[in-house]
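Colleague: My questions all concern the structure below.
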Amino acid sequence: MDVTAKQVQELYEQLMPMVLDYGENIVSAILILIVGYWVANRLSGGMRRLVDRQKRLDATVKPLLANLVKYTVIAITVIAVLNRFGVQTASIIAVVGAAGLAIGLALQGTLQNIAAGIMLLGLRPFKVGEYIQAGSLGGTVEEIGLFTTTMTTADGVYISAPNSSLWNQAITNYSRNATRRLDFEVGISYDDDIAKAQAALMSLMQSDPRIKPDPAPMTMVTALADSSVNINMRCWISTADFWAVKWDMQKGAKKAVEDVGCTIPFPQRDLHMIEAKG
């Protein structure tokens, strides 16, 4: 019994310093993590407020800078915790490199999204606030992140698209250029005076101050269709006015051609009856 008690005492004396040492390290690590996470959030929030005050800074880059500060502080915090347990920086780099290779093979899609996000932010085929179309996806860009891009469609639907799905598509940016060309057709009857109709449509465009005089608006006959002579109206306008002008022109075109005695025909067929002989 005395031998057993002595062995327990020796074991206690050997383990107690280790327990105290590791216990101190664990408590220190928890405190470092808490403080590091708090500092990361505070610095990230401060960076976001700072960049929000910079009017000349592109809105596309603002959330990226805030996230970059946050994750940098978190990475430093993790390294500090590992150093607390005696893990050397060189070992950390080696482990991260090996883990990065394994994770990279397992998460190829995720890494593609990150690479695509970097390309989108660097080359900037679109920015926050612009309306784009990429394949079947289209909407006003709300935020460009490292993994996904968020958009809102014209009817208010939220879209979160992986960056790689946008980068691998041809991107149409409807907002980038300051001006756009507006084209639409008006059909008149074959019995109507084409010159009168063209003059009326030209006058309609010239009377609208939103339509730019240079390049000058123009009309041309584009098709001799089954039931109508199609006249194309073409003009240049500010991108911001595109839809408003289009709707007003479509409404005004009907009245303009009717005021000069022309009609907008509906599709019709002539049916010829042939009497069978015998």
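Colleague: Return the residues of the stretch 239-263 that are touching a helix residue (DSSP H, G or I) at 6+ places or on another chain (Cβ under 6 Å) and either free of Cβ contacts under 8 Å to residues at least 60 places away in the same chain or β-branched (Val, Ile, Thr) (or both); say none if nothing qualifies.
Modeller: Gly252, Ala256, Val257, Val260
Colleague: Here's a follow-up. State the number of residues belonging to the stretch 162-189 that are touching a residue at least 40 places away in the same chain (Cβ under 8 Å), touching a strand residue (DSSP E or B) at 6+ places or on another chain (Cβ under 8 Å), more than 20 Å from Ile237 (Cα to Cα) and not in a helix (DSSP H, G or I).
Modeller: 5
Colleague: Which one of these does Ala240 not meet: (1) in contact with a strand residue (DSSP E or B) (Cβ under 7 Å, 6 or more places away or on another chain); (2) modelled with pLDDT under 95?
Modeller: Here Ala240 clears every test but (1).
Colleague: Within the stretch 243-274, which residues are at pLDDT below 90 and exposed (fewer than 15 other Cβ atoms within 10 Å of the Cβ)? Walk me through how you get there before you give the answer.
Modeller: Of the residues in the stretch 243-274, the ones at pLDDT below 90 are 264-274.
Within the stretch 243-274, Phe266, Pro267, Gln268, Arg269, Asp270, Leu271, His272, Met273, Ile274 qualify.
Colleague: What is the one condition in (1) surrounded by 15 or more Cβ atoms within 10 Å (Cβ to Cβ); (2) over 30 Å from Ser136 (Cβ atoms); (3) among the aliphatic types (A, V, I, L, M) that Met218 does not satisfy?
Modeller: The single condition Met218 does not satisfy is (1).
Colleague: Determine if the stretch 199-213 includes at least one residue that is in contact (Cβ under 8 Å) with a residue 60 or more places away in the chain, among the charged types (D, E, K, R), out of contact with any helix residue (DSSP H, G or I) (no Cβ under 8 Å at 6 or more places or on another chain) and assigned to a loop (DSSP other than H, G, I, E, B).
Modeller: Of the residues in the stretch 199-213, the ones in contact (Cβ under 8 Å) with a residue 60 or more places away in the chain are 199-200.
Imposing the further condition that a residue be among the charged types (D, E, K, R) reduces the set to none.
Within the stretch 199-213 (the criterion being in contact (Cβ under 8 Å) with a residue 60 or more places away in the chain, among the charged types (D, E, K, R), out of contact with any helix residue (DSSP H, G or I) (no Cβ under 8 Å at 6 or more places or on another chain) and assigned to a loop (DSSP other than H, G, I, E, B)), the answer is no, since none of the residues qualifies.
Colleague: Which condition from (1) modelled with pLDDT of 90 or more; (2) touching a helix residue (DSSP H, G or I) at 6+ places or on another chain (Cβ under 7 Å); (3) farther than 30 Å from Ala116 by Cα; (4) of a type in the set (Val, Ile, Thr) is the one that Ile194 breaks?
Modeller: Of (1) modelled with pLDDT of 90 or more; (2) touching a helix residue (DSSP H, G or I) at 6+ places or on another chain (Cβ under 7 Å); (3) farther than 30 Å from Ala116 by Cα; (4) of a type in the set (Val, Ile, Thr), only one is false for Ile194: (2).
Colleague: Among the residues of the stretch 247-278, count how many are part of a helix (DSSP H, G or I) and either more than 19 Å from Met205 (Cα to Cα) or among the β-branched types (Val, Ile, Thr) (or both). First the steps, then the outcome.
Modeller: Within the stretch 247-278, the subset part of a helix (DSSP H, G or I) is 247-259.
Next, only the ones that are either more than 19 Å from Met205 (Cα to Cα) or among the β-branched types (Val, Ile, Thr) (or both) stay: 257.
Counting residues in the stretch 247-278 that are part of a helix (DSSP H, G or I) and either more than 19 Å from Met205 (Cα to Cα) or among the β-branched types (Val, Ile, Thr) (or both) gives 1.
Colleague: Taking Ala223 and the conditions (1) closer than 15 Å to Gly252 by Cα; (2) loosely packed, with under 13 Cβ neighbours inside 10 Å, which numbered condition does it fall short on, given that it satisfies the others?
Modeller: So the condition that Ala223 fails would be (1).
Colleague: Looking at the stretch 124-138, I want the residues that are farther than 17 Å from Leu64 by Cα and have a partner that is assigned to a loop (DSSP other than H, G, I, E, B) with Cβ atoms under 6 Å, at least 6 apart or on another chain. Which pairs are those?
Modeller: Between residues of the stretch 124-138 that are farther than 17 Å from Leu64 by Cα and residues that are assigned to a loop (DSSP other than H, G, I, E, B), the close pairs are Glu130/Ser175; Tyr131/Tyr174; Tyr131/Ser175; Ile132/Phe126; Ala134/Gln169; Gly135/Gln169.
Listed here are the residues, each with its yes/no results for (1) within 23 Å of Trp243 (Cα to Cα); (2) of a type outside the set (Lys, Arg); (3) over 9 Å from the mean Cα position of the chain (by Cα); (4) exposed (fewer than 14 other Cβ atoms within 10 Å of the Cβ).
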| residue | (1), (2), (3), (4) |
| --- | --- |
| Leu121 | no, yes, yes, no |
| Arg124 | no, no, yes, no |
| Val128 | yes, yes, no, no |
| Gly138 | yes, yes, no, no |
| Val141 | yes, yes, no, no |
| Tyr158 | yes, yes, yes, yes |
| Gln169 | no, yes, yes, no |
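Colleague: Touching a helix residue (DSSP H, G or I) at 6+ places or on another chain (Cβ under 6 Å) and modelled with pLDDT of 70 or more: which single residue out of Ala75, Ala134 fits that description? Before the answer, list the steps.
Modeller: Details: Ala75 fails: touching a helix residue (DSSP H, G or I) at 6+ places or on another chain (Cβ under 6 Å).
So the residue among Ala75, Ala134 that is touching a helix residue (DSSP H, G or I) at 6+ places or on another chain (Cβ under 6 Å) and modelled with pLDDT of 70 or more is Ala134.
Colleague: Can you tell me which residues in the stretch 145-161 are modelled with pLDDT under 90 and outside any loop (DSSP other than H, G, I, E, B)?
Modeller: Thr148
The values are calculated or read from the model by the stated rules, or taken from the named source; none is laboratory data. Not measured: the values here are computed from a predicted model. No Cβ is skipped: glycine too gets one built from the backbone with ideal geometry, and neighbour counts run over all protein chains shown.
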